[in-house]
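See structure below.
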Amino acid sequence: MRAWRAHEYGPHRDVLRWEDCETPAPPDDGVRIRVAASGVNFPDLLSIAGQYQVTAPLPFTPGLEAAGVVDAVGLRSKFEVGDRVVATASWGAHAEYMAAPDAAVLPVPEAMTDADAAALMIIYQTSYFGLHYRAQLQPGETLLVHGGAGGVGTSAIQLGKQAGAKVIATAGTAGKLEVCKRAGADHAINYRDDDFVVAVKELTGGRGADVIYDPVGGDVFDASTRCIAFGGRLLVIGFASGRIPEVKCNRVLLKNIAIVGLHWGAYAKYDPQPILDCHEALCELYAVGAIKPVISREVPMAEYPSALDALRGRESYGKIVLIA
């Protein structure tokens, strides 16, 4: 098979190679998938650079999620050859074939496209877990979504509206503000031109946002503590800005707010059942048209570095998907 592989850590343009390698065998308790589509995620860049939270052993194939058809099964697998599935892993998705244990594999509904399945898995699971399990978002509350035009941002906007919240989103260009609105945001704030703290307070009559969804971190996190409502929940999704913020606990105390973290991947180890429940709920929402992944680009698998260029340069919105 052919796969993207890095034999050393570094900038993706320097270290990635599209090369022939051995086709993986399915594990005894898992499957081998003929990849039809795989999602491109910011952690791909970190993994290739050797900076991700889990260091991949060299050489390795990047990619966290892939959708396709089961090509071979292990002796103890519950799946059958020909099943349409989506799988997650710490790496291995950006290749013609991917092996995964059953625990990391979920069925894909007949009506769902391969591209949507690959785009849905990580970002919608992240947002669903964050908003429902961790932040306990309630109907009628105000949700502030930072990085609203990105993959997790657009999924959070859609799921926030589905939950009955009023959604405010932030983004950095007029085009990305429009992406937020198309995803369902009631209001969109250009954080480059306007002070989002002031804008959020104005939009909420001075109360602030009940839930703040923050995949950015850094200065955005710091400012968010100044526009959160009394009793609000500040949801820590990631640190795309590059700076991990420190919490000023006096604000936590004075406003009775909660700083709530989400490491979605840890559920697979400590409490996997909610992942299955969440997948079922997301598939139902997809089936009735309540959610739809925002895919800005479908890129041939062989052109993966160009997809990473767009991701690093913030030239994309929603999700980029590689197509085999």
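Structural remarks
- The set of residues from segment 74-96 being over 21 Å from GLY265 (Cβ atoms), in contact with a helix residue (DSSP H, G or I) (Cβ under 9 Å, 6 or more places away or on another chain) and touching a residue at least 40 places away in the same chain (Cβ under 8 Å) comprises GLY74, ARG76, SER77, PHE79, GLU96.
- Residue check, LEU131 under 21 Å from PRO26 (Cα atoms) and either not in a helix (DSSP H, G or I) or not assigned by TED's automatic domain parsing to the domain that holds SER316 (or both): no
- Members of segment 298-318 found to be farther than 15 Å from GLY175 by Cα, part of a strand (DSSP E or B) and either touching a residue at least 40 places away in the same chain (Cβ under 8 Å) or not assigned by TED's automatic domain parsing to the domain that holds ILE48 (or both), listed by number: GLU298, VAL299
- Hey, VAL86 closer than 19 Å to PRO272 by Cβ and not in a loop (DSSP other than H, G, I, E, B) or not: yes
- Out of SER306, SER241, SER296, one residue alone is under 30 Å from VAL108 (Cα atoms), touching a Gly at 6+ places or on another chain (Cβ under 7 Å) and not hydrophobic (A, V, I, L, M, F, W, C). It is SER296.
- Residues located in segment 164-198, provided they are part of a loop (DSSP other than H, G, I, E, B) and closer than 19 Å to GLN138 by Cβ: GLY164, ALA165, GLY184, ALA185, ASP186
- Restricted to segment 204-278, the set of helices (runs of 4 or more DSSP H) holding at least 2 residues that are within 30 Å of ASP44 (Cα to Cα) and in contact with an Asp or Glu (Cβ under 9 Å, 6 or more places away or on another chain) comprises 218-224.
- Checking each residue in segment 28-59 for being farther than 23 Å from VAL294 by Cα, surrounded by 18 or more Cβ atoms within 10 Å (Cβ to Cβ) and touching a His at 6+ places or on another chain (Cβ under 9 Å) picks out only ILE48.
- Condition check for GLY318: within 14 Å of the chain's Cα centre (by Cα) and over 19 Å from LEU106 (Cβ atoms): yes
- In segment 153-172, residue surrounded by the most Cβ atoms within 10 Å (Cβ to Cβ) [restricted to those that are at pLDDT 95 or above and out of contact with any strand residue (DSSP E or B) (no Cβ under 6 Å at 6 or more places or on another chain)]: SER155
- Residue check, VAL81 closer than 30 Å to VAL216 by Cα and in a loop (DSSP other than H, G, I, E, B): no
The values are calculated or read from the model by the stated rules, or taken from the named source; none is laboratory data. Just so it is clear, the model here is predicted, and its values are computed rather than measured. Here Cβ is always computed from backbone atoms with ideal geometry, including for glycine, and neighbour counts include all displayed protein chains.
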